[in-house]
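See structure below.
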Amino acid sequence: MDPAALLSLYREPLRLFRLANLLREEICGDEVSYVVNRNINFTNRCVGSCSFCAFRRADGYLLTEEAILERVEAAERSSATEICLQGGLAPGLVLEDYCRILEAIKEDYPLMHLHAYSPMEVLYMSESSGTTPAESIRELQRAGLGSMPGTAAEILVDRVRGEICPSKLSTAQWREIVTTAHRLGVPTTSTILYGHVERLEDRIAHLLLLREIQAETGGFTEFVLLPFMPKNNPLGARARRMEILENLKMHALARVALHPLIPNIQASWVKLGRDLAARTLLWGTNDLGGTLMEENISRTAGATEAEGITPGELSDLIERHGRIPVQRTTLYGRVG
């Protein structure tokens with residue numbers, strides 16, 4: 001996985017697409033997965049200053065425990081198997097608060113998988129509570145944590161992070177927290193936020209760092225590509241518009257760069273739009289993420305898709321592109 005070779009391959013789209021599709025077929029066959037889940041952004045209050053964020057509000061909301069449980073109840077009625085919890089870095093929140101959210105859900109819904117709290121949230125709760133990230137993760141596990149989203153990664157190159165999120169955790173801190181989670185038995189996803197001020201070389205460095213971590217820990221369940229949404233945030237004015245081909249090439253490049261260590265490559269129907277997300281299935285992806293039921297972060301930054309999608313709609317989308325839909329769990333077990 002030489003950076004120069006990946007750079008060269010990116011510039012040869014036909015060769016890239018052919019190789020990505022062959023690797024996808026080799027490791028995943030024609031099955032395309034999705035999870036029935038609900039996303040709960042429990043607060044948009046945040047002390048952060050990320051220039052790509054349109055979600056943060058200094059005087060925003062903080063959901064009560066009752067409001068969170070109402071959303072979980074609605075998710076269970078829709079046969080969801082996962083609740084995804086992420087929020088801003090609200091002033092005053094400590095480790096105990098994050099644990100209590102998990103405990104409250106598990107008390108009433110013991111079978112629900114809780115996919116919660118980014119590496120940045122883990123760092124924040126640790127610093128606000130005087131604990132180490134390892135100690136925080138252990139407490140979260142005891143409270144019911146099943147897995148963690150590997151968000152807050154953006155681009156894992158500190159020069160880029162200094163431009164777009166200087167107050168956020170560093171590349172080394174992100175790596176330390178996810179590898180600690182893996183070591184403690186907590187799997188995570190991995191992500192990239194691309195299409196703003198980074199170079200192609202930075203994207204490749206990011207992919208190869210994730211490959212290195214996965215070779216070390218085996219703890220990533222999937223890789224999720226998140227194209228930058230330019231509306232209502234300071235970074236948007238500096239970003240150029242990405243064309244369809246660039247998005248397709250990035251998904252294909254991810255399949256090649258991460259093969260065979262991270263077998264699941266996910267396209268975001270929320271950010272790409274469902275039609276373009278489905279087109280990536282022909283060029284290396286094998287997962288379309290979750291039904292979500294509620295999505296706030298992308299919509300505030302300009303996403304035009306609905307807040308949720310039904311399992312039937314996902315299945316139809318997958319079948320229209322010649323693939324076989326499979327409902328999965330968070331950790332890629334089969335449902336039904």
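The values are calculated or read from the model by the stated rules, or taken from the named source; none is laboratory data. Here the structure is a predicted model, which means the values were calculated and not measured. Cβ: placed from backbone, ideal geometry, glycine included. Neighbour counts: every protein chain shown. SASA here: full protein model, heavy atoms, side chains in, ligands and nucleic acids out. Shrake-Rupley method; radii C 1.70, N 1.55, O 1.52, S 1.80 Å.
Brief remarks follow.
- Residue within region 167-188 that is touching a strand residue (DSSP E or B) at 6+ places or on another chain (Cβ under 6 Å) and either at pLDDT below 95 or of a type in the set (Phe, Trp, Tyr) (or both) present: no
- Candidate set from region 105-146 (those that are open to solvent by 20 Å² or more (accessible area, probe 1.4 Å), more than 19 Å from the chain's Cα centre (by Cα) and hydroxyl-bearing (Ser, Thr, Tyr)); member that is nearest to TRP174 (Cα to Cα): THR132
- Subset of region 255-293 [more than 19 Å from ARG328 (Cα to Cα) and touching a residue at least 60 places away in the same chain (Cβ under 8 Å)]: ARG255, VAL256, ALA257, HIS259, PRO260, LEU282, TRP283
- A single entry from PHE228, PHE223 fulfils the requirement of being within 28 Å of ILE309 (Cβ to Cβ) and in contact with a Ser or Thr (Cβ under 8 Å, 6 or more places away or on another chain): PHE223.
- Take the conditions (1) open to solvent by 30 Å² or more (accessible area, probe 1.4 Å); (2) in contact with a helix residue (DSSP H, G or I) (Cβ under 9 Å, 6 or more places away or on another chain); (3) more than 22 Å from GLU246 (Cβ to Cβ); TRP174 misses just one of them, which is (1).
- Condition broken by LEU169, with the remaining ones in (1) over 25 Å from VAL47 (Cα atoms); (2) part of a loop (DSSP other than H, G, I, E, B); (3) of a type in the set (A, V, I, L, M, F, W, C) satisfied: (1)
- Residue match in region 119-136 (condition: within 30 Å of VAL197 (Cβ to Cβ), at pLDDT 95 or above, among the polar types (S, T, N, Q) and not in a helix (DSSP H, G or I)): no
- Selected residue (only one of ARG211, ARG199 is modelled with pLDDT of 95 or more, among the basic types (Lys, Arg) and over 14 Å from VAL157 (Cβ atoms)): ARG211
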